[in-house]
1. Consider residue 108 against the criteria (1) within 16 Å of ligand 1 (Cβ to nearest atom); (2) farther than 20 Å from residue 195 by Cα: it satisfies all of them except one. Which criterion is unmet?
2. Can you tell me which residues in segment 129-148 are over 20 Å from residue 97 (Cα atoms) and within 11 Å of ligand 1 (Cβ to nearest atom)?
3. Against the conditions (1) more than 26 Å from residue 221 (Cβ to Cβ); (2) in contact with a strand residue (DSSP E or B) (Cβ under 6 Å, 6 or more places away or on another chain), where does residue 63 fall short? Just the number, please.
4. Check segment 237-246 and report whether any residue there is part of a loop (DSSP other than H, G, I, E, B), on the phi > 0 side of the Ramachandran plot and over 24 Å from the mean Cα position of the chain (by Cα).
5. Being modelled with pLDDT of 95 or more and at positive phi narrows it down to one residue among 135, 95, 125, 191; which is it?
6. How about segment 47-70: which of its residues are touching a helix residue (DSSP H, G or I) at 6+ places or on another chain (Cβ under 8 Å) and farther than 15 Å from residue 118 by Cα?
7. Considering only segment 36-49, state which residues are at negative phi and touching a strand residue (DSSP E or B) at 6+ places or on another chain (Cβ under 7 Å).
Ligand code: 2HA
Ligand code: ZN
């Protein structure tokens with residue numbers, strides 16, 4: 001079967017990276033059943049032929065208008081599709097959509113009629129927000145890491161920047177490579193605009209946001225970067241939990257050591 005990826009190396013490369021990350025999510029145990037979703041803004045690498053591709057099926061209303069997403073293009077994991085399947089056959093478990101020229105609906109254009117992720121509201125909200133800030137970020141990732149979600153089941157970790165500072169202090173890597181830290185979104189119904197709105201409020205300050213008792217969301221220039229930030233945070237969470245299971249509270253790096261890193265790496269916070 002023909003694919004929109006045929007003879008489009010730039011697009012094929014993006015989708016190959018999505019598939020690679022989808023495989024990591026499954027291997028890490030962060031992607032039970034259809035858990036998690038990925039969207040990539042591919043508008044910059046879309047050509048005229050793609051712009052003229054007919055829609056497969058009807059226009060689907062988004063439920064909200066996204067003015068900055070008018071006529072833009074996204075690769076989206078399919079709703080009810082499994083990450084482990086996306087890893088092997090990304091164009092059978094995900095699809096490419098075109099947002100309408102009024103920014104209020106979308107249509108699937110390739111390869112198959114795979115309806116996008118149930119979290120389309122929060123993903124499109126994040127992409128619209130990123131464009132409004134002049135950001136060059138193109139990737140949004142949502143996944144269910146066991147260790148980080150477990151920590152959101154304790155109120156003490158939900159106060160502003162408590163979890164950020166704790167996880168930063170576990171290992172220099174996390175301080176350096178997740179430099180804006182971790183925002184917290186109080187529990188909201190999955191797939192809701194309430195969840196979407198709370199998420200973009202946190203993106204003002206953070207590139208990675210916890211959804212209380214549900215999962216984590218990250219945005220980045222590309223999918224690998226979004227994955228790496230969650231991976232370093234999860235590593236820190238595991239170090240914390242390992243110390244606790246050995247029966248002690250980990251010391252964490254000192255404020256002076258954290259500040260030394262901030263200066264050495266020219267970190268934004
Ligand atoms: O796509 O993770 O939040 C399944 C989910 C919903
Ligand atoms: Zn989820």
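The values are calculated or read from the model by the stated rules, or taken from the named source; none is laboratory data. Just so you know, these numbers come straight off a predicted model, no measurement behind them. All Cβ positions, glycine included, derive from the backbone under ideal geometry; neighbour counts span all protein chains shown.
1. Against the list (1) within 16 Å of ligand 1 (Cβ to nearest atom); (2) farther than 20 Å from residue 195 by Cα, residue 108 comes up short only on (1).
2. Within segment 129-148, 143, 144 qualify.
3. (2)
4. Quick first cut of segment 237-246, residues part of a loop (DSSP other than H, G, I, E, B) only: 246.
Okay, now just the ones that are also on the phi > 0 side of the Ramachandran plot, so none.
Checked against the condition, which is being part of a loop (DSSP other than H, G, I, E, B), on the phi > 0 side of the Ramachandran plot and over 24 Å from the mean Cα position of the chain (by Cα), segment 237-246 yields no hits at all.
5. Working: 135 fails: at positive phi; 95 fails: at positive phi; 125 fails: at positive phi.
Being modelled with pLDDT of 95 or more and at positive phi holds for just one of 135, 95, 125, 191, which is 191.
6. From segment 47-70, those touching a helix residue (DSSP H, G or I) at 6+ places or on another chain (Cβ under 8 Å) are 62-64, 66-69; that's our starting set.
Selection gives 66, 67, 68, 69.
7. Restricting attention to segment 36-49, the residues satisfying the condition of being at negative phi are 37-49.
Within segment 36-49, 37, 38, 39, 40, 41, 42, 43, 46 meet the criteria.
Condition check ((1) farther than 19 Å from residue 122 by Cβ; (2) without any contact (Cβ under 8 Å) to a residue 40 or more places away in the chain) across all residues:
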{"position": "152", "(1), (2)": "no, no"}
{"position": "175", "(1), (2)": "yes, no"}
{"position": "195", "(1), (2)": "no, no"}
{"position": "199", "(1), (2)": "no, no"}
{"position": "203", "(1), (2)": "no, no"}
{"position": "209", "(1), (2)": "no, yes"}
{"position": "218", "(1), (2)": "no, no"}
